[in-house]
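A.B. asks: My structure is below; once you've seen it, I'll send some questions.
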Amino acid sequence: MEPFEKKSLDFLVELTRIIRNMQMYNDQHPIVKAGVQNAYRLLNDVLRLQPTLTFGKGEGVLLIQNKQITEKNAAADRFVQMLTERNISGAVMKQGAPVSELEAFIKLMSMKADTVVVDGQIKPELLKPFNKIAVNEVKYLMVGEDEDLESLTEARKFFNNIFSEEFKGLKGPEALAKIGQIIQKVLPKLSDMNFDNSQEELWEFFEKSVSSFGGSTIKDTRQSLLTSVKTMPPDVQKTLFGQVIRSPQQLEAVMKRFSDERKASILVEEANTGKEISGALESLLKNKGDIVKLVEALMKKFGGDDKNAGDFDRIFKMIQEIEAGDRLVVSKRGDVIIAETDEEMISQYKEVLLKLNFKVEIVSNGKELLSKLRKEETRPNLVVMDVKLPEMSGLEVLSALDMERIRIPVIIGTTMVSVQNSFEVQMYYKQKFFAKPVNIKDFLDAVEEFCPKPEEEKLPEETKGKAGHAEPELSEEMKAELSKAKEIQRNLMPRQFPPTPGFELYAFYKPYDQIGGDYYDVIPIDADHVGILIADVSGHGISGAMVMVMVRSAIRAWVNTTTSPKELLMKVNPIIARDILPGLFVTMYYAVLNLQTRVLTCSCAGHNPAVLWTTKDRVSIFTQKGGMPMGILAGPAFQATLKEQVIQLDKGDRVVLYTDGMVETMNPEGEEFSEESFCKCINEMSTQRSDIFVKNLVQAVTTFQSTAPQHDDLTLVTVRCMK
């Protein structure tokens, strides 16, 4: 029995036991409540392997994913009897089904049969609690995760019926060998019916038939394909694959055409069996850019929540290591000594600094601190300290450092606010002073100012010019890595925007050094709302690309759950914090546009604030700043920094989201374009059509740049209200 079938059977056996218990007691009894929770845990274990569990009865036997379970099992027989008594042919349980729906299903199954069925049909009111669980839809093979029976196309209903009729009583190799014959029989009917997208529906029928009757690992899937193709007529092969399959390489190409959801399921199965997944990735991906959609499918499969986080983290880290290889190198930021007696503050400081890839040492008194600062071999790049320290105060330490001309940046956090104006603090060459409790966002800004991040990607020595600035001659290995990252980057950006009636949307993106760390997206949330975001990862090359793959997947996994930008950032940040490399973080600006009310709701996570230009005032202003970059801290420390701003747009108003490369572009003299010049250009150009506006704004930046090299990505997204 396949692992999925075994887990599914275990779940249904437990379900049968809970139904019997509920019949004996009631839904509030501790035994029943504990049983429901255990059954829910087992269900989620099943749905991690495949997004949908289908079960039902067929000629007196239990069906799981349309396969007959022939092994003798008294509980399974009892479950089939319960289904029969209640006139239930089967049910579909989908990923994301809440425990309340499972409990409602258990209640339905525990009720007396004559109270469930009237005139041969289940009472409609008993089916109202269900959304992710569908009753009496087992025969529908091709109901997707976000579909219900009523939403199916005529083509899909047609194939569902074909599946139910033609595969009846078949399983395993016998069913696989018949796929080609069934499709040959169907093709003339399909031609007469003139369905929209009939070729895509035919492919999905083939893929789901192979996955239903074949195995779930790469090896098993390959064997399942071979079994089905061997007996498949040549004309059917040409219709499905565009050619007759004659070699293993051609068979591999067929597998690469599988849906992202199917590929994700195969990859999970490979990882769960302890296998090296690099071979699986090679077999499943047409090109490296496909990683974007595969990771998105994995995130969707696991839901991005804490309960299933370990599974996603484990597999994503495998993919990250395989794809980035030796290029996944992040330079150490340096050494920091923390001199502090408050354990809570030590913990906060340390967590932030470790996330930024610093080496951290803790000392508990002023004398020990000064002793380490006096020795070159133990001298750090940064000191974080309180003024109130045992044995020697922070002010005495500052005075000694000043007298001995030891130059180390110091961040001071203390409750002794009055000492900020003391001679020792004011005269010290480089310090930041904060009153406790220290705002972590301010602390982070100080760290960034005193210890700017180094280059994230290390190039081999032979690629550097004599002065370290010449254009490097890339090795073949580096060219391959660069090509891989470029493919990934291309697949990150949206190829087209969703419809936004009443609004103009336009974007521009130019990466620095071929592979950048910027990302933008426009995502439909529901019929009335569109999400607009721009982000910047503190890394370029393959490491930056892989981080953005994860960020994009996390955003898209959660974007449909809320129209609050702040809430989305709060949901996504823990995922990023878990999986991002040490030393990297992501800044993001996210806005939700209500297409009906013209309200733009915005939230910022350490990113440049957007620029708002209104027809009323005809002047540019910055939206609300704030927020900590994502991926450094999770939980309340991050959430406390977030704000949400609501902007009512009127006809002609424009909002511009951008990354810092736009305003920090330098000319040959080393001068920055600046926020002031950026806003001045927006003031002059905002009445232009959005595509022309973007073209002229970018041209203003590049004209200023002249012959100077580009030092960062140039990215912007603009939205203009037209109603």
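A.B. asks: Viscosity 1.002 mPa s, temperature 20 °C: Stokes-Einstein D of the range 334-450 from its Kirkwood Cα radius, in µm² per second?
C.D. replies: Answer from the Stokes-Einstein relation: 154 µm²/s.
A.B. asks: Sort 241-247, 221-227, 688-694 by the packing proxy (mean of other Cβ within 10 Å over each peptide's residues), most packed first.
C.D. replies: Final packing ranking: 221-227, 688-694, 241-247.
A.B. asks: Given the DSSP H assignment, sum -39500 (n - 2.57) over each helix run of at least 4 residues in the chain and divide by its residue total; what's the result at 222 nm in deg cm²/dmol, nearest 500?
C.D. replies: -14500 deg cm²/dmol
A.B. asks: Find the eigenvalues of the gyration tensor of the Cα atoms of the range 485-721, then list the square roots of 5 times those eigenvalues as equivalent ellipsoid semi-axes, largest first, in whole angstrom.
C.D. replies: Ellipsoid half-lengths, sorted descending, are 25, 23, 16 Å.
A.B. asks: Which cross-chain or sequence-distant (5 or more) residues have an amide H under 5 Å from the amide H of residue 630, H modelled 1.01 Å from N in plane?
C.D. replies: Under 5 Å from the amide H of residue 630 lie the amide H atoms of 586, 587, 588, each far enough along the sequence or on another chain.
A.B. asks: At a temperature of 10 °C and a viscosity of 1.306 mPa s, determine how fast the range 154-286 diffuses translationally according to Stokes-Einstein, using the Kirkwood radius over alpha-carbon pairs as Rh; express D in µm²/s, rounded to the nearest whole number.
C.D. replies: 104
A.B. asks: Per-residue HN-Hα couplings for the range 256-267, Karplus 6.51 cos²θ - 1.76 cosθ + 1.60 at θ = phi - 60°, whole Hz, x for Gly and Pro?
C.D. replies: Taking θ as phi minus 60°, the curve returns 5, 8, 4, 5, 4, 5, 5, 4, 4, 4, 5, 5 Hz for the range 256-267.
A.B. asks: Taking the mean number of other Cβ atoms within 10 Å as a proxy for protection, how do you rank 250-259, 104-113, 371-380 from highest to lowest?
C.D. replies: Ranked by mean Cβ neighbours within 10 Å, highest first: 104-113, 250-259, 371-380.
A.B. asks: Over what distance in Å are the Cα centres of the range 422-443 and the range 609-663 separated?
C.D. replies: So the two Cα centres are separated by 28 Å.
A.B. asks: May I pose another question? Can you give me the long-range amide H partners of residue 652? Hydrogens built in the peptide plane at 1.01 Å from N, cutoff under 5 Å, separation of 5 or more residues or another chain.
C.D. replies: Correct list: 721, 722, 723.
A.B. asks: Mind ordering 124-133, 93-102 by average Cβ neighbours within 10 Å, highest first?
C.D. replies: Top to bottom by mean Cβ count within 10 Å: 93-102, 124-133.
A.B. asks: If you wrap a convex hull around the alpha carbons of the range 570-638, what volume per residue comes out, as a whole number of Å³?
C.D. replies: Residue-normalised Cα hull volume stands at 102 Å³.
A.B. asks: If you don't mind, another one. Mind giving me the FRET efficiency for residue 496 and residue 184? R0 is 41 Å, r the Cβ-Cβ distance, nearest 0.05 is fine.
C.D. replies: Once rounded, the FRET efficiency stands at 0.65.
A.B. asks: Over the chain, with a single point scatterer placed on each C-alpha, what log10 of the ratio I(q)/I(0) does the Debye formula yield at q = 0.06, 0.07 1/Å?
C.D. replies: Taken in order of the listed q values, log10 I(q)/I(0) reads -0.47, -0.63.
A.B. asks: If you plug each phi of the range 596-605 into the Karplus form 6.51 cos²θ - 1.76 cosθ + 1.60 with θ = phi - 60°, what whole-Hz ³J(HN,Hα) values come out, in order, with x for Gly and Pro?
C.D. replies: These are the phi-based 3J(HN,Hα) values: 8, 8, 6, 9, 10, 10, 10, 8, 10, 10 Hz.
A.B. asks: Let's test the formula: R0 of 51 Å, r as the Cβ-Cβ distance of residue 378 and residue 421. What FRET efficiency results, to the nearest 0.05?
C.D. replies: 0.95
A.B. asks: Let me ask something additional. With contacts defined as alpha carbon pairs under 8 Å and 6 or more residues apart, what's the relative contact order of the chain in percent?
C.D. replies: 9
A.B. asks: Give, in nm to one decimal, the length gained when the segment between residue 250 and residue 128 is fully stretched (0.36 nm per residue of separation minus the Cα-Cα distance).
C.D. replies: Here the answer is 39.1 nm.
A.B. asks: Calculate the spin-label point distance for residue 37 paired with residue 702, positioning each point 7 Å from the Cα along the beta-carbon direction, and give it in nanometres.
C.D. replies: The two pseudo-label positions are separated by 6.1 nm.
A.B. asks: What Rg and what Dmax come out for the range 607-683 when only alpha-carbon atoms are used, in angstroms?
C.D. replies: When restricted to the Cα atoms of the range 607-683, Rg and Dmax are 15.3, 44 Å.
A.B. asks: How many percent of DSSP beta bridges within the chain run antiparallel, rounded to 5?
C.D. replies: Of those bridges, close to 75 percent are antiparallel.
A.B. asks: Can you give the three extents of the C-alpha atoms in the range 193-245 along their principal axes, from longest to shortest, in whole Å?
C.D. replies: 36, 21, 14
A.B. asks: Principal axis lengths of the range 3-138 from Cα atoms, whole Å, largest first?
C.D. replies: 35, 34, 28
None of the figures in this text is laboratory data; all of them are computed from the coordinates on show. The structure displayed is predicted, hence computed values, not measured ones. Here the Cβ is made from the backbone with ideal geometry for all residues, glycine too, and neighbour counts use every protein chain on show.
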